[in-house]
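Derivation of every value follows stated rules applied to the coordinates shown; laboratory data play no part. Here the structure is a predicted model, which means the values were calculated and not measured. Positions of Cβ are generated from backbone atoms using ideal geometry, with glycine treated the same way; all protein chains shown enter the neighbour counts.
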Amino acid sequence: MKRISIFVLISTLILAAGCGPLSLTSQEKAEQAARTAAFVKNSLDSRKYCISVNRMFPRRGTSKSLSTPYSVKVEGNKLHSYLPYAGVAYSVPYGGGKALNFDSDIVEYREDFSRSDRRTIVLSTDNGEDFLIYTITVFDNGKADIDIRSRNREGIGFSGEIDETYVPDAKN
């Protein structure tokens, strides 16, 4: 019995020693934050970025977590929107139309640099059925908020973060 308890004690000590520190030091956190901020800045400057969306905020009702990989991609002069929609549609084609799932050209692209920890991008597009205005706020830590206003639908909001694994298409 004594032999088993010594074995358990030694095994526990070896296991605990092998785990090491599980959290990052403050210097490592600062370096990681600086890398993320640089990635966000470079992505936004080049106008080639993808925001992976994980939560939606309809104007009516409660917010919803999203499990499917929804996203908004900006590649130069193109907008690729793959988002769900929940809300009131005022005037749409039979069957619901494209909603927020489309690829189209960006009509206007403006950026606001007034806050040091974030950038606000306002872009407008016409997807053939509707005129939409996307207001995207991207923070230095990679988090992003998206507010979409439409001519034919009730507005909706989303939150997510810049996808650091995204590689833009080379031809754009």
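Structure notes:
- A search for C-beta distances below 9 Å between a residue of region 77-98 that is in contact (Cβ under 8 Å) with a residue 60 or more places away in the chain and farther than 25 Å from CYS50 by Cβ and any residue that is loosely packed, with under 14 Cβ neighbours inside 10 Å and among the basic types (Lys, Arg), counting only pairs 6+ apart in sequence or on different chains, returns VAL88/ARG59; VAL88/ARG60; TYR90/ARG151; SER91/ARG151.
- Only residues that are hydroxyl-bearing (Ser, Thr, Tyr) and within 13 Å of the chain's Cα centre (by Cα) were counted across region 44-63, and they come to 2.
- Tally of residues being more than 14 Å from the chain's Cα centre (by Cα), outside any strand (DSSP E or B) and hydrophobic (A, V, I, L, M, F, W, C) across region 67-91: 2
- Hits in region 124-152 (condition: charged (D, E, K, R) and under 26 Å from GLY97 (Cβ atoms)): ASP126, GLU129, ASP130, ASP145, ASP147, ARG149, ARG151
- Restricting ARG60, ARG47, ARG110 to those that are in contact (Cβ under 8 Å) with a residue 24 or more places away in the chain and in contact with a strand residue (DSSP E or B) (Cβ under 8 Å, 6 or more places away or on another chain) reduces the list to ARG47.
- Residues (surrounded by fewer than 15 Cβ atoms within 10 Å (Cβ to Cβ) and not hydroxyl-bearing (Ser, Thr, Tyr)) located in region 112-121: ASP112, PHE113, ARG115, ASP117
- Selected residue (criterion: nearest to ARG118 (Cα to Cα)) from residues of region 139-158 that are in contact (Cβ under 8 Å) with a residue 24 or more places away in the chain, buried (at least 18 other Cβ atoms within 10 Å of the Cβ) and out of contact with any helix residue (DSSP H, G or I) (no Cβ under 6 Å at 6 or more places or on another chain): ALA144
- Within region 122-172, the set of residues being farther than 30 Å from VAL88 by Cβ and of a type in the set (S, T, N, Q) comprises ASN141, THR165, ASN172.
- Filtered residue count, region 29-66, keeping only those that are among the small types (Gly, Ala, Ser) and assigned to a helix (DSSP H, G or I): 7
- Considered as a group, the residues in region 42-64 that are more than 13 Å from ASP163 (Cα to Cα) and of a type in the set (D, E, K, R) include one that is surrounded by the most Cβ atoms within 10 Å (Cβ to Cβ), and that residue is ARG47.
- Any hit, region 128-147, residues being over 16 Å from the mean Cα position of the chain (by Cα) and aliphatic (A, V, I, L, M): yes
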